[in-house]
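Below is one structure, written out as structure tokens; the observations come after it.
The values are calculated or read from the model by the stated rules, or taken from the named source; none is laboratory data. For clarity, every value in this text was computed on a predicted model and none was experimentally measured. With ideal geometry, Cβ positions are generated from the backbone for all residues, glycine too; neighbour counts draw on all protein chains shown. Ligands, DNA and RNA are excluded from the accessible area calculation, which covers all protein heavy atoms including side chains. Shrake-Rupley method; radii C 1.70, N 1.55, O 1.52, S 1.80 Å.
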Amino acid sequence: MWAVLAVIAALVVAAPILAILVNLGQPATDVWRHLAGTVLPEMLQNTVVLVIGVGLGSAVIGTGCAWLVTMTEFPGRRWLAWALFLPLAMPSYVTAFVYGDLLQFAGPVQSSLRAAFGWNRNDYWFPDVMSLGGAVFLLIFAFFPYVFMLARAAFLDQSVCVLEVGRTLGLSPWARFRRIALPLARPMIAGGVALVLMETLAEFGAVSYFGVPTFTTAIYRTWFGMGDPVAAAQLSGILMIFVLAAVMLERGSRQARRFHHTSARTRPLMPQRLQPLPAFLACLACGLPVLIGFVLPAVWLLHLAIREGDPSSIERLAEFTFNSFSLAGLAAVLLIVVALCLAYAQRLVPGRRMNWLVQFATMGYAVPGSVIAIGILLPLAYFDHAINRWAEAAFGVTPGLLLSGSVIALLYAYLVRFLAVAFNTVEGGLQRIRPSFDQAARVLGQSPFGVVRKIHAPLLRGSLLTAAMLVFVDVLKELPATLIVRPFDFDTLAVRVYQLASDERLSEASTGALIIVGVSLVPVIWLHAAVARSRPRD
């Protein structure tokens, strides 16, 4: 039964991807030919520049900051080791909205410069943040914590003895980092970069606000503006090629050239105290990403919320908040149940086939939300039309759209998108429970379901709560899938913030954005504590 449940879950989750692949073979429409002859080359170029720029920038900043806060001692190091996680709590589209407001021609920064120096419009040059370069710059400071988190965990796991051997052999600090620490941490860093690439490919709000044509924005406009689902699916298929390349990078980082510790001996880390000038530079290098990625956006949002805020009535704002929290709560419960079934099926029926099924079911996290949305709406729309044709032929009535554009479709999108987040957390907790517990319970007459309910569920309480918290926050921040699949006249906080900011009403969007950021801080604090505890003990 558990194996059957795993197969069903894998097929359900894979259905949107299969729907995209099926539509790739459809004949090209006029809309597709128009896109291919006009904006497709620009979208390809923008996507490549975004992926390369954000990937390299995040790798450099994330790895460098992780090394500094782990292996060196300077003023503020302990605080910065925690603060460097904070940009994860700030959605990338909110960061783009804030800097677009701050740095535009009529914004406070340029207005202050003109007032201070008496400049006119043509008297000075100022970088255009609403551009491809501006998108690359801001997405680097939004996504670098993915690399920082994994690189710091890798550096904490390294043996001090190995680094000391390098020092006795005459290697400088830079040489020890480049020739010893970096190769040991390379798989984890590559995994972090792969996560950054997936998030960059899935980005919608920031690039849409900056007016940068990418595949995610084209998919949305092709579906809603041009009404061509086939062209939208074909664009999604091209985007899937980039996603597949990011997944192959992550897989290859685990199987390529490897470096291992030859001893399990560990000693407490003794960070090297830096001299005043290097200490100042290290503090600056680690502080600027926090300042740009979290502090400035949070302070400006708070300023706007206090000055104006959302003029909607308390009831209207409460409605958006209730929609967001109820969706996130339902999605968290659904994903916990499915993840627990998959993890327990893998425990009961181990083997290569089951492992492939689990990987198949959890591949949705690598797929952009806009692609998942199109992949879900295509089969659901076909199902709804088939039901309507049957009902009209049999009873002379048409029930309308039953699943498309419903809360059920939205929960389905969240299931496909975030199952990997819940599964990895639940699986990690389940692996810490010894198999002898299961065997003893079965000897005492418990069924597999009874083992899950009476033994695993209580022991997994911490892992289940953690998985629920991560899913809750991810759903709360999700924009493209919610924007495309949501029912009519059903807005969440993320959709409300995007709509207001797109209309240049950031002051009104600040209230909802602050609610999202405040809730997102909870898993960020948990992540820092989990990484800090990852250092092996003597």
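Any residue at all in the stretch 384-392 that's among the charged types (D, E, K, R) and under 30 Å from the mean Cα position of the chain (by Cα)? The answer is no, given that none of the residues of the stretch 384-392 is among the charged types (D, E, K, R) and under 30 Å from the mean Cα position of the chain (by Cα). Here Ala331, Ala298, Ala318 are screened, and the one residue that is more than 22 Å from the chain's Cα centre (by Cα) and in a helix (DSSP H, G or I) is Ala318.
Sub-7 Å Cβ pairs linking a first residue in the stretch 181-201 that is in contact (Cβ under 8 Å) with a residue 60 or more places away in the chain to a second residue that is crowded, with 24+ Cβ neighbours inside 10 Å and not in a helix (DSSP H, G or I), at least 6 apart or interchain, are Leu201/Pro368, ordered by first then second residue. Could you please find all residues in the stretch 334-351 being in a loop (DSSP other than H, G, I, E, B) and not small (Gly, Ala, Ser)? The answer is Val349, Pro350.
Here the condition is being more than 24 Å from Val519 (Cα to Cα) and out of contact with any Lys or Arg (no Cβ under 6 Å at 6 or more places or on another chain); of Gly100, Gly133, it holds for Gly133 alone.
For every residue, the table says whether it meets (1) touching a strand residue (DSSP E or B) at 6+ places or on another chain (Cβ under 8 Å); (2) closer than 30 Å to Arg78 by Cβ; (3) of a type in the set (S, T, N, Q).
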residue	(1), (2), (3)
Gln272	yes, yes, yes
Leu281	no, yes, no
Cys286	no, yes, no
Arg316	no, no, no
Ala343	no, no, no
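Condition check for Val443 on (1) open to solvent by 50 Å² or more (accessible area, probe 1.4 Å); (2) β-branched (Val, Ile, Thr); (3) closer than 22 Å to Val367 by Cβ: one failure, at (3). What residue, of Gly57, Gly64, Gly76, Gly133, is touching a Leu at 6+ places or on another chain (Cβ under 9 Å) and either within 21 Å of Leu296 (Cβ to Cβ) or among the aliphatic types (A, V, I, L, M) (or both)? Step by step, each of Gly57, Gly64, Gly76, Gly133 is checked, and only Gly57 is touching a Leu at 6+ places or on another chain (Cβ under 9 Å) and either within 21 Å of Leu296 (Cβ to Cβ) or among the aliphatic types (A, V, I, L, M) (or both).
Rundown of residues vs (1) closer than 25 Å to Val371 by Cβ; (2) modelled with pLDDT of 85 or more; (3) open to solvent by less than 10 Å² (accessible area, probe 1.4 Å), yes/no style:
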position: Ile433; (1), (2), (3): no, no, no
position: Asp438; (1), (2), (3): no, no, no
position: Gly450; (1), (2), (3): no, no, yes
position: Ala467; (1), (2), (3): yes, no, yes
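Identification of helices (runs of 4 or more DSSP H) wholly contained in the stretch 14-85 with 1 or more residues that are touching a strand residue (DSSP E or B) at 6+ places or on another chain (Cβ under 8 Å) and either without any contact (Cβ under 8 Å) to a residue 40 or more places away in the chain or buried (at least 20 other Cβ atoms within 10 Å of the Cβ) (or both) yields 40-71. The residue that is modelled with the highest pLDDT, among those in the stretch 113-128 that are within 25 Å of Ala96 (Cα to Cα) and open to solvent by 100 Å² or more (accessible area, probe 1.4 Å), is Trp125.
With respect to being among the basic types (Lys, Arg), open to solvent by 20 Å² or more (accessible area, probe 1.4 Å) and without any contact (Cβ under 8 Å) to a residue 12 or more places away in the chain, Arg486 falls outside the description.
Being assigned to a helix (DSSP H, G or I), in contact with an Asp or Glu (Cβ under 6 Å, 6 or more places away or on another chain) and either touching a residue at least 60 places away in the same chain (Cβ under 8 Å) or surrounded by fewer than 22 Cβ atoms within 10 Å (Cβ to Cβ) (or both) is a description that does not apply to Ala386. Checked against the criterion of being more than 30 Å from Val475 (Cα to Cα), in contact with a helix residue (DSSP H, G or I) (Cβ under 7 Å, 6 or more places away or on another chain) and of a type in the set (A, V, I, L, M, F, W, C), the candidates Trp82, Trp119, Trp125 yield just one match: Trp119. Considered as a group, the residues in the stretch 107-127 that are of a type in the set (S, T, N, Q) and assigned to a helix (DSSP H, G or I) include one that is farthest from Leu304 (Cα to Cα), and that residue is Asn122. Kindly establish whether Thr95 is in a helix (DSSP H, G or I) and more than 18 Å from Ser131 (Cα to Cα). Answer is no for this residue. For the stretch 397-419, a residue qualifies if it is at pLDDT 80 or above and open to solvent by 10 Å² or more (accessible area, probe 1.4 Å), and the qualifying residues are Ser406, Val407, Ile408, Leu411, Tyr412, Leu415, Arg417.
The conditions of being small (Gly, Ala, Ser) and over 29 Å from Asp474 (Cα atoms) are not met by Ser404.
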